[in-house]
Amino acid sequence: MLRSLLLLVATGSLLAMPAVAQPDVAATYPNRNVRIIVTVPAGGGVDSVTRIFADKLQRRLGQSFVIENQSGAGGNVGASTVYAAAPDGYTLMSSQPAPLTTNIALYKKLSFDPAALEPVVIMSRFPNVLLVRKDFPAKTAAEFIAYAKANPGKLNYASQGIGTTSHLTTELFMSLTGTKMVHVPYKGTAPPSTISWPARSTSSSWSCRQPVRLHQGGNARILAVATDKRLDSLRDIPTMSEAGVPNFVSDTWNALSAPPKTPARSSTRSIRR
């Protein structure tokens, strides 16, 4: 049933995960609009990637892929909607890792079972970076660590929400560097980057897409990237390891999932034909 969708994914050189399909109706899917529930607010990285992806699907498959943002509780709100939807391929979820991986360990009770959601595809991956306000006194990651150590509990850091990779990456950063900062969670990437992030927070660990625009526009500064080697697009920015935090590698991804019991393919090999 989702064979056409996954064929598009494969030919688009995206990272295919175990696929969902139903061969007897594959030739007619989709025959009506498909709803994609995005678990973060409009304007952020997950939302932007999903809209690009949905546009390509619409162009190739001839049906509308309608975006509906349902943010809140680290992606749990949107995930609950998709979890309860009919397993027919006409309601899909686009999310950050949290509702699929970490939320089960962070929330006492979920209204859905992350393991029961059917994985469709990873649409994109982004490394995390250490980002500070443009007027922050530290000019390097080492200076930032020293400043944070000298001012425990006095610095705020923004994240995309509780349990998101930006939150957990910063918690790991504090654990490894012996620093302590105050968490300022937002509902997704877009709000802190467009509304009041510079006024409320001094730093953030975000997926690379938004920080690069802020950095290149002179509105913020990237001090280090959480990758094993420097990024081609930011050759002058050191890795966390180079900055004195060994083996600090962290990224995030955006995935498309389907409701539980959406029929699964036995192999992804035929999808790539």
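The values are calculated or read from the model by the stated rules, or taken from the named source; none is laboratory data. Because the structure is predicted, anything quoted here is derived from the model rather than measured. All Cβ positions, glycine included, derive from the backbone under ideal geometry; neighbour counts span all protein chains shown. Calculation scope for accessible area: heavy atoms of the full protein, side chains included, ligands and nucleic acids excluded. Shrake-Rupley method; radii C 1.70, N 1.55, O 1.52, S 1.80 Å.
Annotations for the structure displayed:
- Cross-link partners for Lys154 among the lysines, with Cα-Cα distance under 17 Å and sequence neighbours closer than 8 places in the same chain left out: Lys180.
- These residues, Asp135, Asp228, go from largest to smallest accessible area, 1.4 Å probe, as Asp228, Asp135.
- Zone residues, the range 87-116, relative to Lys261, backbone N less than 17 Å from point 7 Å out along Cα-to-Cβ: 87-92, 112-116
- Shown are Asp251, Asp232, whose ranking by accessible area with a 1.4 Å probe and every protein chain present, most to least, is Asp232, Asp251.
- Projecting label points 7 angstrom from Cα along Cα→Cβ for Thr28 and Leu176 puts them 5.3 nm apart.
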